[in-house]
Amino acid sequence: VQLQASGGGLVQAGDSRRLSCAASGRTFSRYFIGWFRQAPGKEREFVASISRNGYTYYADSVKGRFTISGDNVKDTVYLQMDSLKPEDTAVYYCAARSVNAGEYEYWGQGTEVTVSS
């Protein structure tokens, strides 16, 4: 399983940004896909995830502002980020885990999002 995250950049507070996680090998239809982030000096934290059936889960800190979605045809998962805040500044990673796995097994490289105030 290979994951490629993209879409990061520098934005201003209140702006929107969409991150993409392109997967290989029909990954989205077989795995849970999650987004995580790691801010400078902090531990990596869960942001959102989506199951192959379309069920979504969000961290409280992004609920109502971020939306995760998937495209089975393109085998790509998106993270639409609206009303961005400076505290959303982080390197964002996408990851995949199989249904019965307790942890995410596959990780893409990160894409950096910087939100200026």
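The values are calculated or read from the model by the stated rules, or taken from the named source; none is laboratory data. Quick caveat, the model's predicted, so the values are computed rather than measured. Every residue, glycine among them, receives a Cβ derived from its backbone with ideal geometry; neighbour counts consider all protein chains shown. All accessible areas refer to the heavy atoms of the entire protein, side chains included, with ligands and DNA or RNA removed. Shrake-Rupley method; radii C 1.70, N 1.55, O 1.52, S 1.80 Å.
One residue is enough: does the stretch 21-36 have a residue meeting the conditions touching an Asp or Glu at 6+ places or on another chain (Cβ under 6 Å) and loosely packed, with under 14 Cβ neighbours inside 10 Å? For the stretch 21-36, residues touching an Asp or Glu at 6+ places or on another chain (Cβ under 6 Å) and loosely packed, with under 14 Cβ neighbours inside 10 Å: absent.
One line per residue, one yes/no per condition, for (1) over 22 Å from Gln2 (Cα atoms); (2) touching a residue at least 60 places away in the same chain (Cβ under 8 Å):
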position: Gly25; (1), (2): no, no
position: Glu43; (1), (2): yes, no
position: Ser51; (1), (2): no, no
position: Ala59; (1), (2): yes, no
position: Val113; (1), (2): no, yes
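Taken over the stretch 33-57, residues that are touching a Cys at 6+ places or on another chain (Cβ under 7 Å) and either more than 17 Å from Ala90 (Cα to Cα) or in a loop (DSSP other than H, G, I, E, B) (or both) amount to 1.
When the stretch 58-94 is filtered for residues that are small (Gly, Ala, Ser), assigned to a strand (DSSP E or B) and open to solvent by 20 Å² or more (accessible area, probe 1.4 Å), the ones remaining, listed by number, are Ser69, Gly70. Please determine whether any residue of the stretch 86-93 is over 12 Å from the mean Cα position of the chain (by Cα) and small (Gly, Ala, Ser). Within the stretch 86-93, none of the residues are over 12 Å from the mean Cα position of the chain (by Cα) and small (Gly, Ala, Ser).
Kindly list, by first and then second residue, each pair from a residue in the stretch 95-109 that is open to solvent by 80 Å² or more (accessible area, probe 1.4 Å) to a residue that is at pLDDT below 95 and in a loop (DSSP other than H, G, I, E, B), limited to pairs with Cβ atoms under 9 Å and residues at least 6 apart or on different chains. Within 9 Å, the pairs are Glu105/Val1; Glu105/Tyr31; Glu105/Ser98. With respect to the conditions (1) outside any loop (DSSP other than H, G, I, E, B); (2) polar (S, T, N, Q); (3) over 12 Å from the mean Cα position of the chain (by Cα), Gln4 lacks only one, and its number is (3).
Scan the stretch 68-87 for residues that are in contact with a Lys or Arg (Cβ under 9 Å, 6 or more places away or on another chain), modelled with pLDDT of 95 or more and not aromatic (Phe, Trp, Tyr) and report the count. Give the steps one after another, and end with the answer.
Initially, the stretch 68-87 is screened for residues in contact with a Lys or Arg (Cβ under 9 Å, 6 or more places away or on another chain), giving 70, 72, 75, 78-85.
Now drop any that are not modelled with pLDDT of 95 or more, which leaves 78-85.
Subset that is not aromatic (Phe, Trp, Tyr): 79-85.
Summing the residues that are in contact with a Lys or Arg (Cβ under 9 Å, 6 or more places away or on another chain), modelled with pLDDT of 95 or more and not aromatic (Phe, Trp, Tyr) in the stretch 68-87 gives 7.
The residue that is nearest to Ser51 (Cα to Cα), counting only those in the stretch 8-20 that are surrounded by fewer than 16 Cβ atoms within 10 Å (Cβ to Cβ) and of a type outside the set (A, V, I, L, M), is Arg18.
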